[in-house]
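One structure is given below, encoded as structure tokens.
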């Protein structure tokens, strides 16, 4: 028993030593902190400005913006068939450039098709789904979608080149300029139109700031002629992205953004505004650190697979670090959500704090599953992620609909939606660990 006790102590010491020496002081940590620093400062700016912005525009305007974001998010996640995510993977730069061109071609074509479709059929479609608040903003949707495709390409190129400092700087600059614009325009015209316009312009602003930092290297590469045969070969090589990841992203987008649409339909735009603010505030930890770790972890795990390192150990350490970091902010919102939101944003936003209290359960496990999700494309398990997301869509939206139609209660609907999401993400992390163990064993036998 004494020996077992010291063995356990020794393992704990090794974990602490690993986190201290490898995670906190290594190159990986420096890259994470570089990305996170700009995001942290950007979110601090957003938090500082939020009390003024929410008082200028009000829940209804935010609700309309939320519906616009939800609608465009469903499409922007797959506007390029998720090919931009493959930019990081090729060793040869010419292949990476080919992936970028494929992404922009697909994004441009489908943005035009969607724009024409909305121009012809937009009114009956939006009226059918009780989203007629978007009728005044149809012109912005195809523009927003193409800018999203271009931004995805630019972001992935920055990550591929490991230009994390540029990424960080551009994120901060965009946040400052956009939030100042919301205040300035809000003083003159505090309408939903202003918020939608600025959100669209914000996409363009992000692209320009990132391209400025890269000394236009990406643009010069895109201007070079690429053999049609190479484009065709590259598109086929990374076919698993449009085949598996694009449907998964679309379905995941429905799962995450459909609550806005359903809440608007059932309880009005104000309810969507409460949900949007709660979700945005809960996304801060993910944007501050979770996304930074994911962006740096993705090329790192790809490198680890190429070098035949132990993937399971890598995921375990990254997930454990996220648990330690995330437990405090998400726990605080769960305990004091309504009080915090009422105090910071005004009493009319106290309901948003109640939404956030329960959304924090789901958000915490989304926060810590980042390493697991980033690993799946590298070990060729995107088909599993698609299947998981399909099941998750049915379960979570089913829970949400039960709360809306059977109980007619928005808070209970959010509780059912969030708890089911938390349980599903626990299952996802466990499943990925099992798959990486099998993968590690298979590689060790080669």
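Laboratory data are not the source of any read-out in this text; all were calculated from the coordinates shown. The model shown is predicted, which means the values in this text are computed figures rather than measured ones. With ideal geometry, Cβ positions are generated from the backbone for all residues, glycine too; neighbour counts draw on all protein chains shown.
Things worth noting here:
- Using R0 = 51 Å, the C-beta based FRET efficiency linking residue 232 and residue 401 works out to 0.75.
- Projected onto planes of every orientation and averaged, the convex hull of the alpha-carbon atoms in region 134-260 covers 10.2 nm².
- Using only the C-alpha atoms, the convex hull of region 119-170 corresponds to 105 Å³ per residue.
- FRET efficiency, residue 176 to residue 30 (Cβ-Cβ, R0 25 Å, nearest 0.05): 0.55
- The order of 204, 218, going from fewest to most other C-beta atoms within 10 Å of their C-beta, is 204, 218.
- In plain terms, the chain from residue 430 to residue 313 could stretch by 40.8 nm, reckoned as 0.36 nm per residue minus the Cα-Cα distance.
- Per-residue Cβ neighbour counts within 10 Å put 92, 354, 309, 248 in the sequence 92, 309, 354, 248, beginning with the fewest.
- When every Cα-Cα distance of region 256-414 is counted in 10 angstrom steps from zero, the calculated P(r) takes the values 10, 33, 32, 18, 6, 1 percent.
- Full extension of the segment from residue 55 to residue 411, taken as 0.36 nm per residue of separation minus the current Cα-Cα distance, would add 125.8 nm.
- Fewest-first ranking of 181, 271, 206, using other Cβ atoms within 10 Å as the exposure measure: 181, 206, 271
- Between residue 191 and residue 121, residue separation times 0.36 nm minus the direct Cα-Cα distance comes to 22.6 nm.
- Quotient of Cα Rg and 2.2 N^0.38 Å for region 53-95, N being how many residues it contains: 1.91
- Computed from the alpha carbon positions, the gyration tensor of region 335-418 leads to an equivalent ellipsoid with semi-axes of 30, 19, 7 Å, biggest first.
- Whole-Å distance, taken between Cα centres, linking region 102-128 and region 315-348: 37
- Distance between the 7 Å Cα→Cβ label points at residue 128 and residue 334: 4.1 nm.
- Convex hull volume per residue, computed on the Cα atoms of the chain, equals 154 Å³.
- Between residue 183 and residue 109, the simple spin-label model (points 7 angstrom out along Cα→Cβ) gives 4.5 nm.
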